[in-house]
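The values are calculated or read from the model by the stated rules, or taken from the named source; none is laboratory data. Nothing here was measured: the structure is a model prediction, and the numbers come from that model. Using ideal geometry, Cβ is built from the backbone for each residue, glycine included, and neighbour counts are taken over all protein chains shown.
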Amino acid sequence: MATEDLFRERYSEMVGLAGLLLNDRGAAEEVVQDAFAKYHMARHRVREPERQVAYLRSIVCNLARGRLRRWGLERRRQPLPEREALPAGDAAEARHRRDTVAAALAGLPRRQRECVVLRYWLDLSERDIAATLGIAAGSVKSHLHRGLAALESRLEDLR
Amino acid sequence: MRTDDMVREALADLAPTAPADNTALAGVHRAIGRRRRRQHVAQAVAAVALAATAVGTGALLLRAEDNKVQTGNGGDGRPTTTEPTTETTGVPKPDEGDRTQFGPVSFVLPQGWEATPSQKLTDPETGAQGDFICIAPTDDTGPVWEDCSGLLIYRGDYIPGSETRPYEPHTAAAWSHSFDVPSCPFEPPAFGPDFDGVDTSGALIEQSFRPVGDKSAYYDRWQANCQRSDHPFEPQAWFLPQSKVLVLDIFGHPETAEFLASFEFEE
């Protein structure tokens, strides 16, 4: 698949992924645009169409990790920026739930956060997550287990 | 609501969306341009080095802005004693052939090896700068680490360590500078489910002092392994904090001991 076709098909998804890892939409777009550039310049390495998206996803995760590293831990742990006000009632409750989950996610260690986002947002299998992050499938299982346990305790008051 | 369902719902709500429009595509093109410019700079420096070598003069001096590699007959590096203790190496000094100058040090390349032009490095956090070269056998087709099949030599105010933090001897993973999971250097590149990453978190299995020229350097050796292909290897590093020089040998070359014995330091 040509880079531009892949871009049309996957850009929004990759911005979502980077946004969840970075908590910053502007930075997410920069990272994803750079990821497509990196992909484009190395595209000859990946001939099988089914691996192109996985490769692109790996680049996004790696570049997001680099960006977090440069920002330092302090910025990473800042809460998400406020969103526009929503009507009261169910919407307000949904926003409260979302913000609480966001804060809990932001408090997770990097690997746990990456595994949780790849599993529960992109619905990747543990094997695909392992391939994306370049770690063992057993490590993914462990990160997911710990991440979800940490979230469970932090989200207790939402039940 | 179950925790995983709650997380799924919240993530779907939290994930930013962005259209794949022409503005975003222009951003990709700009990013490609930036990457190509960086690539062209590196290629231009390499071309200058190649052209100068082809001239075949006895003494060559190559300069490209901030990059510097000097090669010459009988260079003027003088031994100094500014580093910690000196140890007896037991390794004979190589014959004084062409010496390669790199910042405050000069050395004799192993026979059949060559040095690449230097490349600049900047600490992403402090802006401190350094540079590095690769020395490797000419036309080597062996495994490659950081685009280098031989030894990596760093110098300057910024010498990268673990995940680009400044180098610290006797610490875990100080030999692996990338925050990416590196691809196994012994296998063809593979992506997706076949990706063979290097586990860089292996133990520090030796830490001591070892000679480099007539100085004593911090020496470290780590365990590393390719996760899928189970290919273990042992990166080694020699670090001279006063001279601000680091030598990395990822693959354990037989020429390394003699090469290190050839080091001379300018005052």
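The requirement of being within 26 Å of B:P124 (Cα to Cα) and in contact (Cβ under 8 Å) with a residue 24 or more places away in the chain is fulfilled somewhere in the stretch B:250-264, by at least one residue.
Each residue in the stretch A:132-142 was checked for being without any contact (Cβ under 8 Å) to a residue 60 or more places away in the chain and either buried (at least 19 other Cβ atoms within 10 Å of the Cβ) or part of a loop (DSSP other than H, G, I, E, B) (or both), and 3 pass. Scanning the stretch B:20-34 for residues that are more than 7 Å from chain A (Cβ to nearest Cβ) and at pLDDT 85 or above turns up B:D21, B:N22, B:T23, B:A26, B:H29, B:R30. Residue check: A:Y39 meets all listed conditions (1) out of contact with any Ser or Thr (no Cβ under 9 Å at 6 or more places or on another chain); (2) more than 7 Å from chain B (Cβ to nearest Cβ) but one, namely (1). Taking the stretch B:157-267 as the region of interest, the strands (runs of 3 or more DSSP E) fully inside it that hold 1 or more residues being touching a helix residue (DSSP H, G or I) at 6+ places or on another chain (Cβ under 9 Å) and aromatic (F, W, Y) are B:236-240. Filtered by the rule that a residue be surrounded by 20 or more Cβ atoms within 10 Å (Cβ to Cβ) and in contact with a Gly (Cβ under 6 Å, 6 or more places away or on another chain), the stretch A:1-48 gives A:A28, A:Q33. Filtering the stretch B:128-150 for residues that are more than 17 Å from B:V247 (Cβ to Cβ), in contact (Cβ under 8 Å) with a residue 12 or more places away in the chain and hydroxyl-bearing (S, T, Y) leaves a non-empty set. Looking at this structure, is B:A237 modelled with pLDDT of 95 or more and buried (at least 21 other Cβ atoms within 10 Å of the Cβ)? Criteria met by B:A237. Hey, among the residues in the stretch A:116-131 that are under 16 Å from B:A15 (Cβ atoms) and crowded, with 23+ Cβ neighbours inside 10 Å, which one's farthest from the other protein chains (Cβ to nearest Cβ)? Once the filter is applied, the top-ranked residue is A:L118.
A quick yes/no check of all residues on (1) under 14 Å from the mean Cα position of the chain (by Cα); (2) within 14 Å of another protein chain (Cβ to nearest Cβ):
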position: B:Y154; (1), (2): yes, no
position: B:A172; (1), (2): no, no
position: B:S176; (1), (2): yes, yes
position: B:S183; (1), (2): no, yes
position: B:P193; (1), (2): no, yes
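Counting the residues of the stretch B:165-196 that are at pLDDT 85 or above and not charged (D, E, K, R) gives 13.
This table checks each residue for (1) at the interface with chain B (Cβ under 7 Å from one of its Cβ atoms); (2) modelled with pLDDT of 85 or more.
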| site | (1), (2) |
| --- | --- |
| A:V32 | no, yes |
| A:V46 | yes, no |
| A:G66 | yes, no |
| A:R77 | no, no |
| A:R83 | no, no |
| A:L86 | no, no |
| A:D99 | no, no |
